[in-house]
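Visitor: One structure follows; several queries about it will come next.
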Amino acid sequence: MSRIITIGREFGSGGREIGKRLSDELGIAYYDNEIISQIADRTKLAEGYVQHVMENGPSTLYPITIGRSFYMGVDPIMEQNNAIYREQSRLIQEFAEKSDCVIVGRSADYILREKHPFRLFVYAEMEHKMERCKKRAPESEHFTDKELKRHILDVDKRRARYYQFFTGQTWGDRLNYDLCINTSNYDIKELVHAIAHLVES
């Protein structure tokens, strides 16, 4: 089975922790947030803007400073959005060429489809996602339960929109993954051990 592993995940489901622990257990590279900083460096765009696009999907409404002149008919903001996705695709391809790895999010399952990665999708029931978010929240964060639930739903909605825009596929659809895992009633460490065994078999 492929040791290039991609992980799509619902917010608060534990997908990022699974990815990091899986890379440690298998002894392979792990890529997540550093992708944003490398894209910013390559495109010369602000890291905050790159992060915004990757978290919210393309938008011509996001206020950024652009050059004063551009060709008629070209949407400069949309072109920057596309440049970010193109650079993301190049980076992810480079990572997969370099070595076995775990890549969290970033539509990596689609970008690497010709390499046939092992594609995971991690999800959980809302109450478990809320509980997990509360345990890992910084001290400065004070969401009510209603606000936290709305935040989780909003993040997942944005992830779905971004994925669909660039892949034409439905985020979280079981047909796009090799294994879908509900983490609600399982210990993450035990799940990682089982997934690692599956990957190595």
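Visitor: Return one whole number: the accessible area per residue of the chain in Å², for a 1.4 Å probe. The partial results should precede the final answer.
Guide: Working: 11360 Å² over 201 residues.
With the other protein chains kept in place, the chain gives 57 Å² per residue.
Visitor: While we're on this one: Enter the accessible area of Cys101 (Å², nearest 10), with the probe set to 1.4 Å and all protein chains included.
Guide: 0 Å²
Visitor: Still on this structure: For the chain, evaluate the Debye formula with one uniform point scatterer on each Cα (no solvent term) and list log10 I(q)/I(0) at q = 0.09, 0.12, 0.13, 0.15 Å⁻¹, rounded to two decimals.
Guide: -0.37, -0.64, -0.75, -0.98
Visitor: In addition: Within the set of other residues whose C-beta is less than 12 Å from the C-beta of Gln164, count the net charge using Lys and Arg as +1 and Asp and Glu as -1. Don't skip to the end; give the middle numbers.
Guide: Numbers: positive: Lys157, Arg158, Arg159, Arg161; negative: Asp173.
Counting the neighbours of Gln164, the net charge comes to +3.
Visitor: While we're here: Under 29 Å from the Cα of Lys135, which lysines turn up, not counting those fewer than eight places away in the same chain?
Guide: Cα-Cα hits under 29 Å: Lys20, Lys146, Lys149, Lys157, Lys189.
Visitor: Can you give me the C-alpha center-to-center distance between the range 74-142 and the range 3-32, rounded to a whole angstrom?
Guide: One Cα centre to the other: 10 Å.
Visitor: Over the chain, what percent of the accessible surface lies on carbon and sulfur atoms, probe 1.4 Å?
Guide: Working: 5600 of 11360 Å².
The nonpolar share, carbon plus sulfur, comes to 49 percent.
Visitor: Would you tell me the accessible area of Ser13, worked out with a 1.4 angstrom probe on the heavy atoms of the protein chains, in Å² to the nearest 10?
Guide: About 0 Å², rounded to the nearest 10.
The values are calculated or read from the model by the stated rules, or taken from the named source; none is laboratory data. All figures in this text were calculated on a predicted structure; none of them were measured in a lab. Virtual Cβ from ideal backbone geometry, glycine too; neighbours counted across all protein chains shown. What goes into the accessible areas is simple: the full protein's heavy atoms, side chains included, and nothing from ligands, DNA or RNA. Shrake-Rupley method; radii C 1.70, N 1.55, O 1.52, S 1.80 Å.
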